[in-house]
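Q: Below you'll find the structure I mean.
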Amino acid sequence: MTTFFVPERAHADAERIYGELRVEAEVCTGVSSRDRRIEEVECRYRGVDRHMRVGEADGSNGMIVAAILQLGRDIFTIHHVQRQDAERSEPTVLQRTDVYAVTEFE
């Protein structure tokens, strides 16, 4: 297992960024986020089986995964590292039925 991190951020900054991503996910979905810290998920997205892991490229768009959040029981969001000059993009939203396996950080 890996210790929790947010890619390309100092540990102290990672906590702040993670908190901001939780708020963003809640605004996007209308559901409260859980305290669970997820490192990776095996899922089906746009008809293709995927393995998404924090710190690695997302096979669907090539962007680095910054965080994976669970909201309520049935929703997961995948957030990506944004270029500094880019506006934040909406997270990828997955339903629980699309997620096969979840691995949490240590």
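A short reminder: the numbers here are calculations on the coordinates, not readings from a lab. Since the model is a prediction, treat every value here as computed from it, not as a measurement.
Q: Once fully extended, how much extra length lies between residue 96 and residue 8, figured as 0.36 nm per residue of separation less the alpha-carbon to alpha-carbon distance?
A: 28.9 nm
Q: Here is a further query. Binning at 10 Å from 0, report for the chain what percent of all alpha-carbon pair distances ends up in each bin.
A: That works out to 15, 52, 30, 2, in percent per bin.
Q: Taking 0.36 nm per residue of sequence separation and subtracting the Cα-Cα distance, how much length would be gained by fully extending the chain between residue 48 and residue 27, in nm to one decimal?
A: 4.9 nm
Q: Further question on the same structure: Let me check against my output: what whole-number percent is the relative contact order of the chain, with C-alpha pairs under 8 Å and at least 6 apart? Each step should come with its number before you reach the end.
A: Values: 188 pairs, mean separation 31.8, N = 106.
Reported relative contact order: 30 percent.
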